[in-house]
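This report refers to the structure that appears directly beneath it.
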Amino acid sequence: MGFKILKKEELIPGQTSLFVIDAPQIAKKAMPGNFVIIRIDENGERIPLTIADKDREAGTITIVFLVVGKSTAQLNMLQEGDDILDVCGPLGKATHIEKQGTVICVGGGTGIAAMHHIAKGHWEAGNHVVALIGARTENLLLFRCELNGFCPEVMVATDDGSVGHKGFVTEVLKDRLERDSNVTEVVAIGPVPMMEAVAKVTEPFGVKTTVSLNSIMVDGIGMCGACRCSVGGKTKFACVDGPEFDGHKVDFSELKARLWQFKEQEDESMGKFKKECTCHGK
Amino acid sequence: MENKPRKPADIGPRIPMPEQPADERVRNFSEVTLGFTLDQAVEEAERCLQCKKPLCQKGCPVEIDIKSFIAKLVDKDVSGAYEVIRKTNSLPAVCGRVCPQESQCEGMCILGKKNEPVAIGRLERYIADAFMASDACEEITGTHECALVREDLQVACIGAGPASLTVAGYLASKGIKVTLFEGLHEPGGVLIYGIPEFRLPKSIVGREVNALKDLGVEIRTNWVGGKTITIQDLQDEGYDAIFIGVGAGLPRFLNIPGDNLVGVFSANEYLTRVNLGRAYDFPNYDTPTFKANDVVVIGGGNVAMDAARTAKRMGAERVSIVYRRTQDEMPARLEELHHAIEEGIEIRALCGPLAFNPGESGRLETMTVQKMCLGEPDDSGRRSPVCIEGETEEIPCDMAVVAVGTRPNPILLEATPDLELNKWGYIAADPETGETSMENVFAGGDIVTGAATVISAMGAGRRAAQEIAKRLL
């Protein structure tokens with residue numbers, strides 16, 4: 001018996017999808033910042049995915065994922081009504097949320113989904129939430145409507161300038177911080193280079209900066225140490241000590257090296273998958 | 001059995017147990033030792049002196065009535081022998097394979113003073129295997145014999161490793177409804193993610209777990225204690241008692257330069273990838289691990305042996321074990337150490353880790369070790385390693401596996417602030433009853449003692465289960 005996919009939405013066809021999954025026990029406990037570990041089938045690997053939203057009454061959680069390798073490609077082939085064999089969670093420490101003032105939530109790419117859950121948490125706590133989202137082009141900007149629903153300010157940056165600022169989110173962020181000295185925290189979730197750049201921008205302003213680390217994980221419950229990262233010179237486990245850490249203290253170059261550990265094996269797996277997969281002609 | 005008393009000197013050597021030849025087994029993940037035939041088992045059983053006061057039983061953490069089961073085996077009554085074992089041990093096929101018998105039952109065997117002790121572990125394994133393969137299984141584990149008689153009494157176990165499995169087996173056989181909450185996707189704990197297939201086939205663990213299901217035990221996987229469900233939730237749901245058996249937890253690293261380099265694994269990660277994730281069958285299974293040629297494993301316990309032997313089977317050309325003391329001080333089971341050496345694993349004794357060094361690629365390329373010699377005994381009674389100033393060595397390696405123990409996992413403990421901990425950060429529990437600072441909450445196994453053996457966790461589970469049964473029934 002697995003966990004049923006109640007709704008599937010292809011946010012960016014073939015690339016990013018959203019699943020609403022029937023998981024009442026996880027929904028009951030899920031907080032912004034938490035993640036789940038899923039395993040698609042008997043032969044599957046355990047992969048961590050951030051919880052993008054939950055509905056306690058309906059007993060569902062929402063995940064959004066980017067197709068990056070074999071497992072996520074296979075996940076994207078599942079349809080409404082299909083089951084995911086294992087969904088384990090909610091894992092990790094929840095985002096520390098308190099009423100504090102103005103919080104800028106920066107999201108990049110698929111990270112916008114996870115950021116959305118945290119932004120919502122900050123908004124529910126009574127903070128003034130500024131959402132700042134970035135992507136290559138306009139139609140890759142996820143959750144814009146949802147963020148517009150509660151954020152008084154939604155700022156946008158695209159690489160091609162199709163909407164909002166043409167360029168990086170960091171440029172918009174810097175400008176915003178220069179204009180507003182009341183920002184109490186910046187939260188950044190997205191590709192590692194983006195989070196690293198955000199931390200670099202905020203540092204001179206002395207603004208508390210929280211990043212969410214997407215380390216490689218196996219069990220996700222503190223047992224293996226695969227997700228370890230250096231924060232302030234100390235080894236931390238992203239799965240139990242995090243996944244959120246002080247962005248000014250994270251050793252991003254170590255994180256990047258560790259994220260690429262299994263590149264060769266991932267390519268091998270993807271190659272085999274593409275060769276064998278005849279289920280849809282995409 | 002003959003009635004006239006026999007002397008240890010009159011008894012022949014142990015019956016050897018067949019095993020796969022070393023050069024063959026390093027290329028597969030099949031079980032190394034092949035087990036006795038009935039004739040071999042009976043012949044070995046006949047070596048038992050049937051002592052009036054059997055010390056072997058005292059040496060067993062779950063106090064199996066060893067003498068009686070051996071007597072039944074001599075009479076070829078395998079079912080009878082199994083029944084004796086199952087009275088105190090719900091995982092005999094596991095214990096027969098992984099217990100450190102030389103320091104427990106067999107270590108106490110009188111025969112061992114002048115001769116080789118009776119191969120109690122191998123007999124236990126034979127009985128469990130033979131019995132499980134026969135139809136007689138239904139007779140003892142079938143629901144008709146052990147139907148739930150007290151649906152009103154409910155016990156929850158957090159974790160589904162050896163300690164909890166023992167609690168479940170004991171209480172379910174008394175008719176109490178037991179539910180196990182397991183964080184991973186498969187029950188068995190260290191028996192599944194840690195101990196490799198070649199030492200303990202997963203099918204054996206599966207059979208033991210199924211025997212518990214036959215007793216009416218419910219197992220919920222993907223439930224993380226402290227996250228998906230808390231102690232408070234379980235109390236609110238009306239569980240009459242809760243047993244915490246969540247295991248040893250977080251792996252320790254060496255705190256030396258290069259700890260987090262790509263290529264440095266904890267033994268837990270390496271073994272979990274290979275065992276639980278079946279990385280040995282990648283890419284048919286999706287969990288990857290490195291293909292490494294030069295592997296160093298740091299540590300001297302069973303986990304280090306398992307990691308080293310696994311690396312060999314994963315195709316490494318050269319595997320060495322780096323250990324600060326000498327081979328004699330290694331805490332690993334003798335059998336595992338011998339098997340490892342037979343399989344060509346090099347023991348680099350008296351070497352203390354100094355640093356992991358990256359190559360140009362940024363990945364692990366060498367490890368620097370400090371040469372040691374042995375000094376005075378330390379608190380553990382073992383002679384402590386002392387540095388030989390200025391003598392270091394650089395060992396080439398493209399993978400390092402750190403097997404130097406664990407720390408308590410914080411997940412459940414942080415979620416349960418009322419639970420009192422001891423000075424080492426493990427759960428403070430009464431050694432006799434497993435009782436914790438919280439009412440009707442018990443704990444046992446590695447989360448109380450720190451990393452130990454399967455059988456000691458089972459012993460703790462058994463004591464807690466006895467106490468729970470005493471209170472509930």
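Please work out if B:E237 is surrounded by fewer than 17 Cβ atoms within 10 Å (Cβ to Cβ) and either of a type in the set (D, E, K, R) or modelled with pLDDT under 90 (or both). Yes, satisfied.
Among the residues of region A:149-187, just one is assigned to a strand (DSSP E or B), of a type in the set (S, T, N, Q) and surrounded by fewer than 21 Cβ atoms within 10 Å (Cβ to Cβ), namely A:T184.
Checking each residue in region B:425-446 for being of a type in the set (G, A, S) and either touching a residue at least 40 places away in the same chain (Cβ under 8 Å) or not in a loop (DSSP other than H, G, I, E, B) (or both) picks out B:G434, B:A443, B:G444, B:G445.
Is one or more of the residues making up region A:86-102 under 21 Å from A:T62 (Cβ atoms), surrounded by 19 or more Cβ atoms within 10 Å (Cβ to Cβ) and acidic (D, E)? Checked against the condition, which is being under 21 Å from A:T62 (Cβ atoms), surrounded by 19 or more Cβ atoms within 10 Å (Cβ to Cβ) and acidic (D, E), region A:86-102 yields at least one hit. Suppose the filter is closer than 28 Å to B:G352 by Cα and acidic (D, E); does B:D214 pass it? Taking the combined requirement at face value, the residue does not satisfy it. Across region B:180-201, which residue is nearest to B:G301 (Cα to Cα) among those that are more than 14 Å from every other protein chain (Cβ to nearest Cβ) and in a loop (DSSP other than H, G, I, E, B)? This residue is B:I195. Assess whether A:G59 counts as being closer than 22 Å to B:W223 by Cβ, within 9 Å of chain B (Cβ to nearest Cβ) and touching a helix residue (DSSP H, G or I) at 6+ places or on another chain (Cβ under 6 Å). Criteria not met by A:G59. Pairs are defined by a Cβ separation below 6 Å, a sequence spacing of at least 6 or placement on different chains, a first member in region A:18-43 that is away from chain B (no Cβ under 11 Å), and a second member that is part of a helix (DSSP H, G or I) and surrounded by fewer than 22 Cβ atoms within 10 Å (Cβ to Cβ); the pairs so defined are A:P32/A:G121. Could you list, in sequence order, all residues of region B:291-301 that are crowded, with 24+ Cβ neighbours inside 10 Å and either free of Cβ contacts under 8 Å to residues at least 40 places away in the same chain or within 13 Å of chain A (Cβ to nearest Cβ) (or both)? Passing the criteria: only B:G300. Taking (1) surrounded by fewer than 21 Cβ atoms within 10 Å (Cβ to Cβ); (2) within 10 Å of chain A (Cβ to nearest Cβ); (3) basic (K, R) in turn, B:K213 satisfies each apart from (2). You will find that of B:R313, B:R325, the residue that is touching a Pro at 6+ places or on another chain (Cβ under 6 Å), closer than 24 Å to B:C99 by Cα and not small (G, A, S) is B:R325 and no other.
Region B:241-356 holds helices (runs of 4 or more DSSP H) entirely within its bounds, and those carrying 1 or more residues that are closer than 12 Å to B:V401 by Cα map to B:267-271, B:302-313.
One residue stands out among those in region A:223-269 that are more than 9 Å from chain B (Cβ to nearest Cβ), in a helix (DSSP H, G or I) and touching a residue at least 24 places away in the same chain (Cβ under 8 Å): the one that is surrounded by the fewest Cβ atoms within 10 Å (Cβ to Cβ), which is A:K256.
Every test in (1) within 14 Å of chain B (Cβ to nearest Cβ); (2) surrounded by 24 or more Cβ atoms within 10 Å (Cβ to Cβ) is passed by A:G190 save one, and that test is (1).
The values are calculated or read from the model by the stated rules, or taken from the named source; none is laboratory data. As the structure is a prediction and not an experimental result, all values here were calculated from the model. As a convention, Cβ positions derive from the backbone with ideal geometry for all residues, glycine included, and neighbour counts pool all protein chains shown.
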